[in-house]
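Trainee: Provided herewith is a single structure, encoded as structure tokens, for subsequent inquiry.
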Amino acid sequence: MSRRGGQEQTSGGHESEAVPKKRKRRGGSDEERPLAPVQVAETRQERVLYVGCEGESTEPHYLDYLVKRFGNGERTGQPFRIYPVYEANGLLPEQVVEAVREKAATDETWALFDRDEHTRIPQAVEDAAADGTEICFSHPSFDLWLLLHFQAFGGRQSGKSKDVVDKLRKADSAFERFDKRNDKSIQGPRRKALEGKAKAAIKNAQGLVSQCEHGACKASQHKAAPVDRTSPENPDHLPQSPRKWAARSGHALDCKVLDRDPSTDVWRLLVSLGIEDDED
């Protein structure tokens, strides 16, 4: 995990201002007057994340929204910067993990991918567990995470997003034409519609963990603290077993990823960043 400080101003970053030195004025009573203590600006380290995305628009746009709304650290307590990793026409889950690892080197990595009808999701989980790439798996799709900003949701979807998208279009007028003519962007009015709803989305997503048909899954068991993939004293002892790594979302060790229907782990990314309540 990389944390970067300094004076550089970047997207989602934090600029620390140099404090000018105060001078004594010569002559008169000013010679004897004590100088006021210099207030040194606090420098908070910037957290840097590389996030692999299955899609080429929805997920990258949403990540950009997070950076613009929360990245300066005023709401979260620590500034952060996110580099989305994606390709035109999208990536398969195992490609998402591979691509983000290549781009990030030793920096913190997350992978966002969907159930859809993919066949190699277990391989993607195994690859992520090998080097500590956090998983944000959504069943049936990332669209579920967007819907949870507006309402709770339940019922098996079997990898199909039709019901989720239909409800999302009705949830807010900004999403009325979502996924029509390939418009899955998160821009303008759609970003505005999401504002102030992160707390509700997290609560609804955590509810899906606790309602999992497995019966022993609890969102309270989740792990959101970032893993330092470069430290030899890493308490998470990388590499981990895929089952243990996939359980960081609060699901039971023997709860198979493909059986988590419906579910989305995107809430873990927000909690990890300190985004738990974004009401103005």
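The values are calculated or read from the model by the stated rules, or taken from the named source; none is laboratory data. Every value quoted in this text rests on a predicted model; they were computed, and no experiment measured them. Don't worry about glycine lacking a Cβ; one is built from the backbone with ideal geometry, like all the others, and counts go over all protein chains shown. Each accessible area value is taken on the protein alone, full model and side chains, heavy atoms only, with ligands, DNA and RNA left out. Shrake-Rupley method; radii C 1.70, N 1.55, O 1.52, S 1.80 Å.
Trainee: Carbon-plus-sulfur fraction of the accessible area of segment 111-153, 1.4 Å probe, in percent?
Mentor: Carbon and sulfur together cover 43 percent of it.
Trainee: For segment 74-164, what D do you get in µm² per second when you plug the Kirkwood radius from alpha-carbon pairs into Stokes-Einstein at 37 °C and 0.692 mPa s?
Mentor: In µm²/s, the coefficient is 225.
Trainee: Same structure, new question: What number results when the radius of gyration of segment 30-182, computed over Cα atoms, is divided by 2.2 N^0.38 Å?
Mentor: Its radius of gyration relative to the 2.2 N^0.38 Å reference: 1.38.
Trainee: Mind listing the long-range amide H neighbours of Ser263? Cut-off is under 5 Å, sequence gap 5 or more, other chains count too, H placed in the peptide plane at 1.01 Å from N.
Mentor: Excluding prolines and chain starts, which carry no amide H, the hits are His139.
Trainee: For segment 146-222 and segment 126-141, what is the separation of their C-alpha centers, rounded to whole Å?
Mentor: Between the Cα centre of segment 146-222 and that of segment 126-141, the gap is 19 Å.
Trainee: Let me ask something else about it. Taking the Cα centre of segment 116-177 as origin, sum charge times position over the Cβ atoms of Lys and Arg (+1) and Asp and Glu (-1), and report the length of that vector in debye to the nearest 20.
Mentor: 420
Trainee: A further question follows. For segment 54-100, take N as its residue count and report Rg(C-alpha) divided by 2.2 N^0.38 Å.
Mentor: Working it through for segment 54-100, the quotient is 1.31.
Trainee: If you don't mind, another one. Can you give the accessible area per residue of segment 202-280, in Å², using a 1.4 Å probe?
Mentor: 50
Trainee: If I take every Cα pair under 8 Å that is 6 or more residues apart in segment 80-213, average their sequence separation and divide by the length, what percent do I get for the relative contact order?
Mentor: Reported relative contact order: 19 percent.
Trainee: Provide, as a two-decimal number, the C-alpha radius of gyration of segment 95-134 over 2.2 N^0.38 Å, N being how many residues it has.
Mentor: Taking the Cα Rg and dividing by 2.2 N^0.38 Å, one obtains 1.11.
Trainee: May I ask which of Lys170/Lys192; Lys167/Lys218; Lys160/Lys256 have a Cα-Cα span longer than 22 Å here?
Mentor: With Cα atoms farther than 22 Å apart: Lys167/Lys218.
Trainee: Still on this structure, please answer the following. Given a 1.4 Å probe and every protein chain left where it sits, what share in percent of the accessible area of segment 214-280 is carbon and sulfur?
Mentor: With neighbouring chains kept in place, the figure for segment 214-280 is 49 percent.
Trainee: I need the Debye-formula profile for segment 131-280: one equal scatterer per C-alpha, no solvent, reported as log10 I(q)/I(0) at q = 0.11, 0.16, 0.17 1/Å, two decimals.
Mentor: -0.45, -0.89, -0.98
Trainee: Highest mean first, how do 245-254, 144-153, 170-179 rank when packing is the count of other Cβ atoms within 10 Å averaged over residues?
Mentor: Listed from highest to lowest mean packing, they are 144-153, 245-254, 170-179.
Trainee: Turning to a different aspect of this structure: Over the alpha-carbon set of segment 204-280, divide Rg by the Kirkwood Rh and report the Rg/Rh ratio to two decimals.
Mentor: Ratio of gyration radius to Kirkwood radius: 1.01.
Trainee: Sticking with this structure for a sec: Remind me, what semi-axes does segment 173-240 give for its equivalent ellipsoid, largest first in whole Å, using sqrt of 5 times each Cα gyration tensor eigenvalue?
Mentor: After diagonalising the Cα gyration tensor, the semi-axes are 34, 19, 13 Å.
Trainee: Give me the percent relative contact order of segment 67-137, please, defined on Cα pairs under 8 angstrom at least 6 residues apart.
Mentor: Once normalised by length, the contact order is 27 percent.
Trainee: If Lys184, Lys256, Lys199 are ordered by their accessible area, calculated over protein heavy atoms with a 1.4 Å probe, which sequence runs from highest to lowest?
Mentor: Accessible-area ranking of Lys184, Lys256, Lys199, largest first: Lys256, Lys199, Lys184.
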